[in-house]
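The values are calculated or read from the model by the stated rules, or taken from the named source; none is laboratory data. On a predicted model such as this, the values are computed, not experimentally measured, just so you know. Every residue, glycine as well, gets a Cβ built from its backbone with ideal geometry; the counts of neighbours run over all protein chains shown.
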Amino acid sequence: MMMKQKKQLKPEIIEQPKSSDFMGIKIKDDHVRIFIPQTLQLSNDPSTRNRELILFLRSLNITKLTEEDIVSGNASGGKWPFDSYIWMIHDYIENGVYYNHERIYSHDRNGKIDWKKTLRTMPITSNGNVIYNKLVTSKSMPSNDKISEIYKECVNLSIERMGWVFNLNIHLHSNIHLSIQEMVYLVKQQSSSTFDDVKRLRFKHMLNILEGIDDSQHKTNEHTFGITNYYYVFEHMIDVLFHGITGDIKKKYDPSGYWLLNGQNKQQSSNLRPDTIYKNYKTGETYILDAKMYQYGYTKSIKDLPQTSSMQKQITYGDFVHNYVDNNTKIRNIFILPFRKDKYINDKNVEFMNDANLAYIGKAYVNYRDKKDVKDWDTIYTFMIDFNYLLNYYMKKDKKYIQAIEKTVQIKLKSTTILTNHK
């Protein structure tokens with residue numbers, strides 16, 4: 001097997017100051033650049049650092065995005081199957097190139113005797129004994145077929161995109177002249193004809209890789225995948241971690257605007273959609289969480305905190321819930337921002353909880369609400385969550401985080417009134 005050793009890859013890490021900046025990976029001429037949020041704290045240990053980068057890159061795939069949301073080197077605009085790339089590289093490192101094996105039958109006595117086929121041959125008789133003097137033996141021999149060549153193509157693409165994780169930068173020589181569509185067809189055909197679970201898994205990962213590219217991107221030294229709106233990902237992780245209401249139940253929390261033009265029927269303009277709604281049915285409280293992928297958790301600059309327009313939107317949500325959803329519920333407004341723990345760990349003005357993965361930094365309000373009739377939701381309590389923790393554990397949906405927010409808000413409500421602070 002021929003392989004071409006190329007120069008070693010070492011990713012260049014670029015910290016992006018805004019969540020609307022490109023986040024993802026770009027590879028050109030073996031130069032790997034990974035664009036990450038400033039709030040992602042990378043380890044100095046190379047193996048841990050790579051795991052953190054993989055975890056971040058995987059997060060680009062966790063939420064449903066439109067074609068416009070995805071910045072991809074693929075004309076199809078598909079997502080990158082990072083897990084399949086890594087699986088293929090592991091498989092190649094551990095087992096070498098995959099070959100379909102053919103069973104070859106012969107009379108070579110060095111093979112394994114196939115008694116079923118042997119008994120079908122013509123025996124000889126000697127002294128009343130039946131003797132099979134032509135034993136049929138079999139050997140399993142690798143076949144250098146098209147599937148093996150397709151396997152090499154999948155390994156090559158995996159190494160081009162994720163070989164930096166393994167400090168691996170080689171190119172396997174393959175001799176195949178098939179379109180992506182033809183390769184997909186052949187792999188599907190092989191997958192449907194085998195009962196071997198390992199082979200099926202291998203074919204599944206090969207299909208994930210092939211179906212994510214097209215012919216124009218098959219042979220290229222330039223690869224790009226990422227998004228320009230990572231705040232969608234952050235919002236999704238917050239919604240999962242904090243047990244947000246989902247489905248049709250959540251839709252009733254969406255305020256709508258309408259137009260009533262002269263001589264026309266009422267027309268809906270659009271909906272406002274709160275990021276996360278958490279309902280505590282025991283206490284009768286509704287928490288409206290707004291996930292803000294702002295950089296205050298890195299810069300400590302007040303210009304990187306939510307602006308007045310964001311505050312007003314939260315208050316509007318509170319008004320809507322009170323007036324149209326449930327006027328008996330106690331409404332709490334919350335901002336949640338990401339932060340890097342190392343930037344704040346010695347900050348005495350920050351109130352840490354949950355192993356310093358969650359932090360309370362203060363509250364926001366506007367000065368044009370009726371001070372004589374202050375509402376619970378006129379104040380937006382602001383927390384930060386460690387971005388590394390969120391990436392690792394958001395799927396655990398641990399209620400201790402929403403419980404910590406509830407407890408902190410209750411303490412703030414008891415220790416001071418909104419009125420005395422709105423000056």
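Quick check: is even one residue across the range 408-423 at pLDDT below 95, in a helix (DSSP H, G or I), among the charged types (D, E, K, R) and touching a strand residue (DSSP E or B) at 6+ places or on another chain (Cβ under 8 Å)?
Looking only at the range 408-423, we keep the residues that are at pLDDT below 95, and these are 410-423.
Next cut, in a helix (DSSP H, G or I) only: 410-415, 418-421.
Going one step further and asking which of them are among the charged types (D, E, K, R), we end up with 412, 414.
If we keep only those that are touching a strand residue (DSSP E or B) at 6+ places or on another chain (Cβ under 8 Å) as well, we get 412.
The answer is yes; a qualifying residue exists.
Would you say I238 is closer than 30 Å to L337 by Cα and either part of a loop (DSSP other than H, G, I, E, B) or hydrophobic (A, V, I, L, M, F, W, C) (or both)? First the steps, then the outcome.
Working: closer than 30 Å to L337 by Cα: yes; either part of a loop (DSSP other than H, G, I, E, B) or hydrophobic (A, V, I, L, M, F, W, C) (or both): yes.
Yes; evaluated as a whole, the condition is true for this residue.
Quick check on this structure: which one of N392, N367 is in the same structural domain as S256 (by TED's automatic domain parsing) and in a loop (DSSP other than H, G, I, E, B)?
Just one listed residue meets the conditions, N367.
Any residue that is in a loop (DSSP other than H, G, I, E, B) and either surrounded by fewer than 10 Cβ atoms within 10 Å (Cβ to Cβ) or β-branched (V, I, T) (or both) - is there at least one of those in the range 292-307? Walk me through how you get there before you give the answer.
So the first thing to find is which residues in the range 292-307 are in a loop (DSSP other than H, G, I, E, B), and the list is 292-295, 300-301, 305-307.
Those still in the list that are either surrounded by fewer than 10 Cβ atoms within 10 Å (Cβ to Cβ) or β-branched (V, I, T) (or both) too: none.
No, the conditions are met nowhere in the range 292-307.
Among residues belonging to the range 179-202 that are over 22 Å from the mean Cα position of the chain (by Cα) and of a type in the set (A, V, I, L, M, F, W, C), point out the one that is surrounded by the fewest Cβ atoms within 10 Å (Cβ to Cβ). Let's see the steps before the verdict.
So in the range 179-202, the residues over 22 Å from the mean Cα position of the chain (by Cα) come out as 179-200.
If we keep only those that are of a type in the set (A, V, I, L, M, F, W, C) as well, we get 180, 183-184, 186-187, 195, 198.
On the way: I180: 19, M183: 23, V184: 16, L186: 19, V187: 23, F195: 6, V198: 10.
Out of the qualifying residues, it is F195.
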